[in-house]
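The values are calculated or read from the model by the stated rules, or taken from the named source; none is laboratory data. In this text, all values refer to a predicted model and were calculated from it rather than measured experimentally. Every residue, glycine among them, receives a Cβ derived from its backbone with ideal geometry; neighbour counts consider all protein chains shown.
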Amino acid sequence: MSSSSAPRLVLESRKARDEFGFVLNSRPCSDVLIEVASGDATQALVSSSSLPSMPPTSVLAVTIRPDSWDQPRTIYVTGVNDRKRDADRIVPVTLSVIEVLSSVEYHDVASQTLNVEALATHRARR
């Protein structure tokens, strides 16, 4: 699994949205399920272009089928407006293979984490 984005994302306001992409490195024999999880749901939520009707959430699963393994998947990260005056935060977004539901050749793939910088609401309004 490889990421096709910049090394970090910045949410410049609490309702801001940024995105990154990922793709598998090789064709799986069967489906691969990738869990995408926000490390702090009070600061940032995740959603996927493959699930357009699903609102942003703290955790989602993206299914990758063998016939479309090489098509990049887009993940959106949306800032949460908690209306609090707090400091900038680094929110980890982690991608992990759900081994029990995934093709065996992807069982040992290490999780990957992308750090999202969520700027404080009062700072972003300047």
Determine, yes or no, whether ALA61 is surrounded by 17 or more Cβ atoms within 10 Å (Cβ to Cβ) and either in contact with a strand residue (DSSP E or B) (Cβ under 9 Å, 6 or more places away or on another chain) or closer than 25 Å to ALA110 by Cβ (or both).
-> no
How many residues does segment 20-38 contain that are at pLDDT 95 or above and under 12 Å from the mean Cα position of the chain (by Cα)?
-> 5
If you check SER111, SER38, SER47, SER102, which single one turns out to be among the hydroxyl-bearing types (Ser, Thr, Tyr) and without any contact (Cβ under 8 Å) to a residue 24 or more places away in the chain?
-> SER111
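If you take just the strands (runs of 3 or more DSSP E) that sit entirely in segment 59-98, which of them hold at least 1 residues that are without any contact (Cβ under 8 Å) to a residue 40 or more places away in the chain? Write out each step before concluding.
Numbers: elements: 59-64, 73-79, 89-97.
Qualifying strands (runs of 3 or more DSSP E): 59-64, 89-97.
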